[in-house]
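The values are calculated or read from the model by the stated rules, or taken from the named source; none is laboratory data. This structure is a prediction, so every number in the text was calculated from the model and none was measured. Glycine gets a Cβ as well: all are built from the backbone with ideal geometry, and neighbour counts include every protein chain shown. Remember, those area values only see protein heavy atoms, side chains included, never the ligands or the DNA or RNA. Shrake-Rupley method; radii C 1.70, N 1.55, O 1.52, S 1.80 Å.
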Amino acid sequence: MESQANSPRGAFSAIALVDRFDRPLRSLRVSVTDRCNLRCNYCMPQEDYVWLPRQELLTFEEIARLVEVFTSLGVEDVRLTGGEPLLRRDLPQLVRMLAGNPRIRDLALTTNGVLFGEQGKALRDAGLHRVTLSLDTLRPERFAALTGRDTHAQVLAGIESAYRLSFPRLKLDSVILRGINDDELADLIEYGRSVGAEVRFIEYMDVGGATNWSLGKVFPRTEMLERLTKRYGAITPLNENSSAPAERFRLPDGAVFGIIASTTTPFCRSCDRSRLTADGLWYLCLYAQTGIDLRRMLRGGAPAEEIAECVASVWRARSDRGAELRAATGKRGVLVGIEQLRQDPHLEMHTRGG
Ligand code: SAM
C-alpha cells in the first residue's frame, strides 16, 4: 500500500511506503550489541545471559548496507542502541559511515551513559547528531540497587559531558517504578534543567526480559501528572501531532518534559519504528515474536534491490500493534518466562534494541 506522506518530514519522497494502518517506514533502531554493562532490574535482572555468537554479529559494513536499504525506502531517523551500544568496539567508525548517508536526517544514540564521558567527543566528531541518556535515579545507592553496578558517578559524568559537547535536543530517559523511584520525578526534571536536557518518564513495560514485571509496579502516566501538578501547578499538554513516543508537557515555569506511556496508553497507531538486531534480524514491533532474517539475505549475496523488495513487502503487510494488544490483555503478567528467553534470546529487549 502506498499513500501520500502526511508528515512534513515525509517531503523526502512524495510517496511513502506505508503499512496496513497507513504508518510510514520512517524510524529504524539499530542494535549494535546485545551486551550490557548494567543489570537493570526491569530489563536484565539475570547476571548472565545467552549471548549472540560473535560471528553472527553484523559488521559495520553490513550494518551500513542494510541502513542504506532502509533509507532508500523512506527511513530518515536512525538510532543506535543495544544492549549498551558503547560496548561495541570502534562505534565512532560506524557513526562516521552512517553520517555519510545523506538520507538520514536524525542520527541518534541511546546509551546508559557509563562510557559516554570517554567516547562522547569521538562520537560527536564522527557525526553523531543527538544522544539520549538513560537515568532513573539521582541517588547512587538506589542506582546500585537498581542496576547491580556501582557506576552512578560515571553516568552523571557522561550526561555532563554530553551537555558540554553541546549535543542538541539532549534527552534523559527515566523508567519510573512504583515504590522505587517515583519520588524523584521533580528531582529528575530539575537535574535535566541543570544540564540542558528534557526528561522523559517511561512507564515500566512488560517487554521480553522484564521478568519481574507486574502491573502493581507500574507507575502510570496519570499518577505522574498528578504528582507533578501538586509540585509545580497546572501542567499544559503540548498536543503535538507527532509520531514520537513521548507525549510532551509544559510546567508553569516553562520547563518541558515527556511521558512515554506505552503500558497504559499505547501509541501503536502512530508507530513508525522497527528494529534491527546486532545479528541482522528485523523486528516490526517490540512485542513481535519473530523477526525477518536480513543477515541471511545479505550474506547469501542478495543485491540491495532484492533486500529492499523484501523489506517493502513485509512493511506493506505490517499490522503489528503489540502494546495495544498487551493493554487489552485481561490478566496481565510477565510476557516471556526465563526458560523461553534462554531458548530464544531474540525475545529479550536488550537483544532487540530498546
Ligand atoms: N543501554 C542503553 C540504555 O540504557 O539507554 C540502550 C538500551 S536500553 C534497553 C534502552 C531503554 O530501554 C532504556 O532507557 C531503558 O531504561 C529502557 N527499558 C528497558 N527495559 C524497560 C522496561 N521493562 N520498561 C520500560 N523501559 C525499559
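Could you sort His152, His346 by their accessible area in this structure, using a 1.4 Å probe and putting the largest first? Kindly include the intermediate steps, with their values, before the conclusion.
Values: His152 10, His346 30 Å².
So, going from the largest accessible area down, we get His346, His152.
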Radius of gyration and Dmax for the range 211-296's Cα atoms, expressed in Å? 17.0, 55
Output ordering of 33-39, 290-296 (per-residue mean of other Cβ within 10 Å, highest first) is 33-39, 290-296
Hey, in the GNM for the chain with a 10 angstrom Cα cutoff, which one of Glu324, Glu305, Glu198 fluctuates hardest? Glu305
Can you compute the equivalent ellipsoid semi-axes for the range 271-354, i.e. the square root of 5 times each eigenvalue of the Cα gyration tensor, sorted largest first and rounded to whole Å? 26, 17, 9
Charges at C-beta only: +1 for Lys and Arg, -1 for Asp and Glu. How large is the resulting dipole of the range 180-245 about its Cα centre, in Debye rounded to 20? 80
By accessible area with a 1.4 Å probe, ligands and nucleic acids excluded, highest first: order of Asp77, Asp90: Asp90, Asp77
At a 1.4 Å probe radius, which order do Tyr191, Tyr204 fall into by accessible area, largest first? Tyr191, Tyr204
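Compute, for the chain, the length of the dipole vector about the Cα centre, with Cβ point charges of +1 (Lys, Arg) and -1 (Asp, Glu) only. Units Debye, rounded to 20. Present the calculation step by step, with values, prior to reporting the outcome.
Values: 48 positive and 46 negative charges, 78 e Å.
Computed about the Cα centre, the dipole is about 380 debye.
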Solvent-accessible surface (1.4 angstrom probe) belonging to Lys171, in square angstrom, nearest 10: 40
Of the candidates Ala317, Pro266, Gln343, the farthest towards the positive dipole end of the range 260-354 (Lys/Arg Cβ +1, Asp/Glu Cβ -1, centred on the Cα centre) is Pro266
State the cysteines of the chain left without a partner when partners are defined as other cysteines whose beta carbon lies under 4.7 Å away. Cys36, Cys268, Cys271, Cys285, Cys310
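Checking understanding here: applying a Kyte-Doolittle mean of at least 0.5 and a length along the axis of at least 30 Å (C-alpha), which whole DSSP H helices in the chain pass?
Numbers: long enough: none.
Qualifying helices, which must be both long enough and hydrophobic enough, do not occur.
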Once Lys and Arg are counted +1 and Asp and Glu -1 for all other residues with Cβ under 11 Å from that of His152, the total becomes 0
One point scatterer per Cα, no solvent, Debye formula: log10 I(q)/I(0) for the chain at q = 0.12, 0.14 Å⁻¹ comes out as -0.88, -1.25
Of Trp213, Ile159, Thr137, whose Cα points farthest to the positive end of the dipole of the range 130-214 (charges on the beta-carbon: +1 Lys, Arg; -1 Asp, Glu; origin at the Cα centre)? Ile159
The alpha-carbon center of the range 56-85 and that of the range 167-195 are separated, in whole Å, by 29
Over the range 212-354, what relative contact order in percent results from Cα pairs under 8 Å that are six or more residues apart? 22
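Express the relative contact order of the chain as a whole percentage, based on alpha carbon pairs under 8 Å and six or more residues apart in sequence. Walk me through the intermediate numbers first.
Working: 701 pairs, mean separation 77.0, N = 354.
Relative contact order for the chain comes out at 22 percent.
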Kindly rank 40-51, 260-271 from highest to lowest mean number of other beta carbons found within 10 Å of each residue. 260-271, 40-51
